[in-house]
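Encoded as structure tokens, the structure appears first; notes follow it.
Just so it is clear, none of the values below were taken in a lab; they were calculated from the coordinates. Predicted model only: the values in this text are computed from it and were never measured. Don't worry about glycine lacking a Cβ; one is built from the backbone with ideal geometry, like all the others, and counts go over all protein chains shown.
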Amino acid sequence: MHILLSNASDEPIYGQIVRQIRQSILNGEITPGQPLPSIRQLAKDLQISVITTKRAYEELEKEGLIDSVVGKGSFVSGANPQFIREQRLRLLEGKLIDAVQESRSLQMPLEELLAHIRLLYEELEGEG
Amino acid sequence: MNENAVVEISRLSKKYKRFELKDVTMDVKQGFITGLIGANGAGKSTLIKLLMGMSLPSGGEVRVFGQAYASHEAEIKERIGYVADDCSYYEHLTVDAMRSIYAPFYKRWDDRQFARYIDRFELSPKAKIRSLSKGMKMKLSLAFALSHRAELLVMDEPTAGLDPVFRRELLDILSELMLDERKSILFSTHITTDLDRVADYIAFLNRGELVFNESKERVFERYALVKADKELLDADVRRVFVGIRETSTGFEGLTGDRREAERLFAGYARIERPTLEDIMFFTAKGAEAHV
């Protein structure tokens, strides 16, 4: 599992951790049942605060990606990738609904919204 | 005692002729790192001295491990590892001679642990303390503080005047200690970069008053730095800010209510995540403006 943190990024540290661990799980780099480093171990390795790490793990738990067992630590959950993908699609849908509603309140026609999305999509493509 | 707090400070005050620490209530949570920040003269050292039982409060109370200094001073001090902001050892002694004086004060002194740290810090037991550089003295101080199985490490400005390499090393040591969830750390600093990364809680003192003591996550959720045109600054808008810096090209302001700022400025301003330094700077500036 690789985690690279950027101090220069606008994305908060816990968000960077969530995104990268999620990525590792979704592309099968770490597999169901596999243990994750303990919260304190990860905090030490990344030289970040324990609370930040804890928050990242809580987020991943909420998404159903990992399970935490008291006294044993955290593991990649057994949920199948299909389920995980569906979960994320639901999240995406929620965000898209927000965007649609916001554009409506700005009286922005659909074409313009789509053009915006296309522009952003292409802009971000380079960053991976 | 509050089950998660190793230090409980309530309504603490200390009056000096030219400075006053006013009514500070806060705690230090077990298993976490608390960073005490504030400008020079904000009261950080005063607070730490009170917390170490090295000076008596004018009002209020300090309890460490649930106990008061008046009744349990020796017990409390046994369990604290303390790193002062100046070198408080006998300069004419060697490192090892100092150890033989220091060690008997602690029931749980661990010679092997001390030897390990001395080795790791590349200090020679035979070196005269006088001959050590500032960074080396700091390391020696840390070796003493960490060699009697202390549960709470208290450090007053451990990085002041030290180079970035050593600051990174210190960061390593601190995050290593935090592997043990029974340990707690409190350190003060006026330089917030790199150390702010490992801190779980931030306690911020400004002019003798505690501005907040919150998890760092919460602090960064709440505060925002707004950059926009000066035309947007009317009396109502000003009220949202803790402090404002105006220049010929626009203004920068710190707000403690990110949501409100996002609502007010939607689309008309850049809203950024402040650094701890921004928070310190604008709070001090705001306080000046209200005097």
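When the charge dipole of the protein assembly as shown is built from unit charges on Cβ atoms (+1 for Lys and Arg, -1 for Asp and Glu) and taken about the Cα centre, the candidate among A:Pro35, A:Gln47, A:Gly78 whose Cα reaches farthest toward its positive end is A:Gln47.
DSSP beta bridges confined to the protein assembly as shown are antiparallel in about 70 percent of cases.
The calculated FRET efficiency for the pair A:Gln47 and B:Ser248, based on their C-beta separation and a Förster distance of 35 Å, comes to about 0.30.
Computed about the Cα centre, the dipole magnitude for the protein assembly as shown is approximately 1580 debye when only Lys and Arg (+1) and Asp and Glu (-1) carry charge, each at its Cβ.
Annotation for segment B:101-162: trypsin sites (Lys or Arg not before Pro) lying in DSSP loop with at most 16 further Cβ atoms inside 10 Å of their Cβ are B:Lys107, B:Arg108, B:Lys126, B:Arg149. Of the options B:Ala103, B:Phe121, B:Ile80, report the single residue whose Cα projects farthest towards the positive end of the charge dipole of chain B (beta-carbon charges: Lys, Arg +1; Asp, Glu -1). It is B:Ala103.
What angle, in degrees between 0 and 90 and rounded to the nearest 10, separates the Cα long axis of helix B:111-120 from the longest principal axis of the Cα atoms of chain B? Rounded to the nearest ten degrees, it is 60. Derived from the Cα gyration tensor, the three semi-axes of the equivalent ellipsoid of the protein assembly as shown are 43, 30, 19 Å, largest first. Taking trypsin sites (Lys or Arg not before Pro) across segment A:3-81, the ones in a DSSP loop with at most 12 further Cβ atoms lying within 10 angstrom of their Cβ are A:Lys72. With the Kirkwood sum run over all distinct C-alpha pairs, segment B:49-109 has a hydrodynamic radius of 13.5 Å. Within 10 Å of the Cβ of each residue in B:26-33, the mean number of Cβ atoms contributed by other protein chains is 1. Taking the longest Cα principal axis of chain B as reference, the axis of helix B:134-145 is set at about 70 degrees.
Efficiency by 1/(1 + (r/R0)^6): what FRET value for B:Ser133 and B:Lys17, r their Cβ-Cβ distance, R0 = 41 Å, to the nearest 0.05?
Computed FRET efficiency for B:Ser133 and B:Lys17 comes out at 0.70.
For segment A:1-99, the list of GluC sites (Glu not before Pro) that fall in a loop by DSSP and count at most 15 other C-beta atoms within 10 angstrom reads A:Glu29.
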